[in-house]
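Q: Pasting a structure below so you can have a look.
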């Protein structure tokens, strides 16, 4: 590249890398790159109804969750103790984790993001590191904020990918040195800002979606010159070798973000994330007939295209080969090599199938029924047709093959200030201004151009347990000042990592099937026809189904007018009841008899507690004498037969 | 949840419940009635209704207290914190007293407890309950799911309004971006306010390409739940207690919901975060709340906002029961 561009390597100011390595490992459920993880919760009696990974697709849970334990510990919302941690308990779990050969541990404490005094997660981590030498411990509080399950999910994914991320980032170094470049390496993160290499090696989860973000930002840059495309939202389709990412680019040049809660490959997390749909279609996708039907992808020859594809003299028919055969304009490889190898009917079917796949992806990502411009970028963009349903026009910009790299190069620098301040004497607003200033200053220190810096993230968490203290987290971002690049060249990853087993040995094979999309997959309820769906109501009794539950959950939170607490963990519990054969009946108030007795129950308190200290009422029973060690099945059958007070005792055990 | 129920019926001798009802349909509690009543738990049916038709921060802000046919509704009561602590209060001087005692206990019980209330009769339930609210949440959820499926998320606010009874009862109050959040915790409640700046949420505000449908800023003060949506003016100081009636876009007991513009899900007060694009929707309160006594308890005064008055957003439309609509149709 440097030869063709005639650039002196010493004039390169920095190298910014956007990578999809980490996220691909999750999406493809790659056992070789995802480590098994043990989860230690510091939660006391709470959260039993929602064990770790409870809401994950089961295929991913099986690969990653190696062990979990619910141990003493955790804080109340006011910072008082649910209970202190117990060293002996943790040591005991460490022995099991060691025995199972797990090298990655997540510690998640109830209300740990406000724990600045007890330092429970930190203390637990010290014990674990002492007991299992060489283990990686991820503290949930370093990964995300309040929201117990979502924070834990992010921490678990982070832990699963940690070793692979460290190795990958380290490996970026050598080719850069070999090129004679002496400059810092940055990794782009989800929101289009950059992380230093060593920060990314600790928090790879933050970089998971940098690939699509970069492509979209780069695409925005590429069409900037064309006047009529400004101030208009566009669909960006990034066709790579194995997958195609589809996302909505807003008029301001940034991708549309997912909601307050985001989902990656079926895992729910609580930080924002570009809303991108990935499908298994790319230039290297295998094309073949399965049971008479022409299938494109999701298996792919990936980066081995230049040797495996037919046009390059290989023996695997790929999407690229079919594109070359179907178009007189596309010139890739040697067209002659295709002669006599592809059927005419197959070429037609290939065109129809590719078009269908892309149109379906566009349709899912649209936020309104109107057509909108579609921008095709990425190395594999040639395989896409020039006309697509849902597109007001299809644009293939010049240099579209490197949109991703352009996006990475124009990524911004950011810095975070995470601090506890007294709100006595100063208002929160004054403090926010002060800390924002500090965050901006640090952003400049980390390499940003002063006048481009702005605040991009603000969080404040009142610490009710210390009078008038609040934890503030503020992040600012700005454009990189290339004139100061040499200050940031060193990467601190310990050398022991280099000696680890060669992870990349599998790359010579055909890339594994990439799961068709990022939805919950195997655990998602089947698609139902919303308009024709009828709830089951017989003899004026409504039997709640999972679909009913999904809808009621959405409605309840809206009717909560901000309060009432998130129904998510209750929904998981109720879904568990339905899936294990439980029956939930609803009757109309109009049908009540005058002498019926209507009991009432619910939770009371601060809704913040509801997203952090999850229910656990069955686990502790105040009268040990009434704890009857009964077979659960017997209890359940008893429950169905009668409704006497003895049931209530049994309920504690189910 | 179950522990509180179990302890209640051990000590309470007025008979076991034959049915369950949710305390409040709003939020997590909207599902609790169904969890407690499930065949694997108490195995009794749940009534399609609740005591609030929304969510409120205190137990005395409920329709049985509005009707006040009895001096005391919410005792006996039993609370459990899930950590081994249980409290039973067989009698009290008033429902406000029950609330105050429970609040005091709450701060010692981790700011969140399970509560079990002594049962009321079927006849009382018929008179007091806000009716068909499980049906109502089902209808709202169905419209949100449909808007997502049909790629109409940019019109999801309008879909929700259709589900609650149309434009005469509900309205889009504001669309914009969260630009400020303040929260403090006192006696187990989160108090605070969120500031939203007008923006075209389906695209981006800062591009300046299209003028937004909603401009300026509003603030939404909350005590666990959103209390009001009030326009604020940049040139004036935003002082709590000096808001003017003419700036009020909606106020309790009407419902004020903040919706995530990206997917139509509600965003709760603990989740308000800088930068989120949101829709603010107002829904007229149930007629169970709009009597003078109802407004006294559930209106501005119930939140110590004596300087503001309740003006209804629209006309209440009673939700259609799913049971009435679908009985025997499958």
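The values are calculated or read from the model by the stated rules, or taken from the named source; none is laboratory data. Keep in mind the model is a prediction, meaning the values are calculated, not measured. Please note: Cβ atoms are built from the backbone with ideal geometry, for glycine as well, and neighbour counts cover all protein chains shown.
Q: Between A:548, A:590, A:529, which is surrounded by fewer than 16 Cβ atoms within 10 Å (Cβ to Cβ) and part of a helix (DSSP H, G or I)?
A: A:590
Q: May I ask you to list the residues in the range A:80-134 that are in contact with a helix residue (DSSP H, G or I) (Cβ under 6 Å, 6 or more places away or on another chain) and modelled with pLDDT under 95?
A: Scanning the range A:80-134 gives A:112, A:113.
Q: Which one is farthest from residue A:553 (Cα to Cα), of the residues in the range B:3-33 that are surrounded by fewer than 24 Cβ atoms within 10 Å (Cβ to Cβ) and at pLDDT 90 or above?
A: Once the filter is applied, the top-ranked residue is B:16.
Q: Restricting attention to the range B:105-131, which residues are over 22 Å from the mean Cα position of the chain (by Cα) and free of Cβ contacts under 8 Å to residues at least 40 places away in the same chain?
A: Scanning the range B:105-131 gives B:105, B:108, B:109, B:121, B:123.
Q: Residues that are in contact (Cβ under 8 Å) with a residue 40 or more places away in the chain and more than 10 Å from chain A (Cβ to nearest Cβ), at least 2 per element: which strands (runs of 3 or more DSSP E) completely within the range B:219-330 meet that? Break it down stepwise before answering.
A: Working: elements: B:228-232, B:248-251, B:255-260, B:277-283.
Passing ranges, in order: B:228-232, B:248-251, B:277-283.
Q: OK, next. Counting just the residues of the range A:37-64 that are surrounded by fewer than 19 Cβ atoms within 10 Å (Cβ to Cβ) and in contact with a strand residue (DSSP E or B) (Cβ under 9 Å, 6 or more places away or on another chain), which one comes out modelled with the lowest pLDDT?
A: In this case the residue turns out to be A:48.
Q: Let me ask something else. Assess whether residue A:318 counts as being farther than 19 Å from residue B:151 by Cα, more than 27 Å from the chain's Cα centre (by Cα) and in contact (Cβ under 8 Å) with a residue 60 or more places away in the chain.
A: For residue A:318, the condition - farther than 19 Å from residue B:151 by Cα, more than 27 Å from the chain's Cα centre (by Cα) and in contact (Cβ under 8 Å) with a residue 60 or more places away in the chain - is not met.
Q: For the range A:340-347, does any single residue satisfy the condition of being buried (at least 17 other Cβ atoms within 10 Å of the Cβ) and within 29 Å of the chain's Cα centre (by Cα)?
A: No, because not a single residue in the range A:340-347 is buried (at least 17 other Cβ atoms within 10 Å of the Cβ) and within 29 Å of the chain's Cα centre (by Cα).
Q: For the range B:1-92, which fully contained helices (runs of 4 or more DSSP H) count at least 2 residues that are within 7 Å of chain A (Cβ to nearest Cβ) and touching a residue at least 12 places away in the same chain (Cβ under 8 Å)?
A: B:2-11, B:29-37
Q: One residue is enough: does the range B:40-62 have a residue meeting the conditions surrounded by fewer than 24 Cβ atoms within 10 Å (Cβ to Cβ) and under 19 Å from the mean Cα position of the chain (by Cα)?
A: Yes; the residues of the range B:40-62 include at least one that is surrounded by fewer than 24 Cβ atoms within 10 Å (Cβ to Cβ) and under 19 Å from the mean Cα position of the chain (by Cα).
Q: Working only within the range B:106-152, note down all residues that are at positive phi and in contact with a strand residue (DSSP E or B) (Cβ under 9 Å, 6 or more places away or on another chain).
A: Across the range B:106-152, the qualifying residues are B:110, B:111, B:132.
Q: Take residue B:216 and tell me if it is more than 10 Å from chain A (Cβ to nearest Cβ) and at pLDDT 90 or above.
A: Yes: the conditions hold for residue B:216.
Q: Among the numbered criteria (1) within 18 Å of residue A:549 (Cα to Cα); (2) in the same structural domain as residue B:23 (by TED's automatic domain parsing), which one does residue B:145 miss?
A: Of everything listed in (1) within 18 Å of residue A:549 (Cα to Cα); (2) in the same structural domain as residue B:23 (by TED's automatic domain parsing), residue B:145 misses just condition (2).
Q: In the range A:229-243, which residue that is touching a strand residue (DSSP E or B) at 6+ places or on another chain (Cβ under 9 Å) and within 14 Å of chain B (Cβ to nearest Cβ) is modelled with the lowest pLDDT?
A: The residue in question is A:229.
Q: Further question: Is one or more of the residues making up the range A:502-521 surrounded by 12 or more Cβ atoms within 10 Å (Cβ to Cβ), out of contact with any helix residue (DSSP H, G or I) (no Cβ under 9 Å at 6 or more places or on another chain), at pLDDT 50 or above and within 14 Å of chain B (Cβ to nearest Cβ)?
A: No, the range A:502-521 contains no residue that is surrounded by 12 or more Cβ atoms within 10 Å (Cβ to Cβ), out of contact with any helix residue (DSSP H, G or I) (no Cβ under 9 Å at 6 or more places or on another chain), at pLDDT 50 or above and within 14 Å of chain B (Cβ to nearest Cβ).
Q: What number of residues within the range A:247-268 satisfy the criterion of being at pLDDT 80 or above and within 13 Å of chain B (Cβ to nearest Cβ)?
A: Residues in the range A:247-268 being at pLDDT 80 or above and within 13 Å of chain B (Cβ to nearest Cβ): 4 in total.
Q: Looking at residue A:640 and the list (1) outside any helix (DSSP H, G or I); (2) facing chain B (nearest Cβ under 7 Å); (3) at pLDDT below 75, which single condition is not satisfied?
A: Of the numbered conditions (1) outside any helix (DSSP H, G or I); (2) facing chain B (nearest Cβ under 7 Å); (3) at pLDDT below 75, the odd one out for residue A:640 is (1).
Q: While we're looking at this one, here's another question. Among helices (runs of 4 or more DSSP H) lying entirely in the range A:48-143, which contain 3 or more residues that are without any contact (Cβ under 8 Å) to a residue 60 or more places away in the chain and closer than 30 Å to residue A:462 by Cβ? If you could, list the steps in order and put the result at the bottom.
A: Numbers: elements: A:58-64, A:87-99, A:120-131.
Because the criterion is at least 3 residues that are without any contact (Cβ under 8 Å) to a residue 60 or more places away in the chain and closer than 30 Å to residue A:462 by Cβ, the helices (runs of 4 or more DSSP H) in the range A:48-143 that meet it are A:120-131.
Q: Might you check whether a residue that is crowded, with 22+ Cβ neighbours inside 10 Å and out of contact with any helix residue (DSSP H, G or I) (no Cβ under 8 Å at 6 or more places or on another chain) occurs anywhere in the range A:389-401?
A: No - not one qualifying residue is present in the range A:389-401.
Q: State yes or no: is residue A:562 modelled with pLDDT of 90 or more, in contact with a strand residue (DSSP E or B) (Cβ under 6 Å, 6 or more places away or on another chain), buried (at least 24 other Cβ atoms within 10 Å of the Cβ) and assigned by TED's automatic domain parsing to the domain that holds residue A:615?
A: Yes; evaluated as a whole, the condition is true for this residue.
Every residue, every condition in (1) touching a residue at least 60 places away in the same chain (Cβ under 8 Å); (2) facing chain B (nearest Cβ under 7 Å); (3) in contact with a helix residue (DSSP H, G or I) (Cβ under 6 Å, 6 or more places away or on another chain), yes or no:
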| residue | (1), (2), (3) |
| --- | --- |
| A:583 | no, yes, no |
| A:591 | no, no, no |
| A:598 | no, yes, yes |
| A:602 | no, yes, yes |
| A:605 | no, yes, yes |
| A:610 | no, yes, no |
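Q: Looking only at the range A:65-79, count how many residues are modelled with pLDDT of 90 or more and farther than 17 Å from residue A:150 by Cβ.
A: The number of residues fulfilling the criteria is 8.
Q: Just one of the numbered conditions (1) facing chain A (nearest Cβ under 7 Å); (2) within 17 Å of residue B:119 (Cβ to Cβ) is not true of residue B:102; which one?
A: Against the list (1) facing chain A (nearest Cβ under 7 Å); (2) within 17 Å of residue B:119 (Cβ to Cβ), residue B:102 comes up short only on (2).
Q: Consider residue A:374 carefully, then state whether it is assigned to a strand (DSSP E or B), modelled with pLDDT of 85 or more, under 28 Å from residue B:262 (Cα atoms) and more than 26 Å from the chain's Cα centre (by Cα).
A: In short, no.
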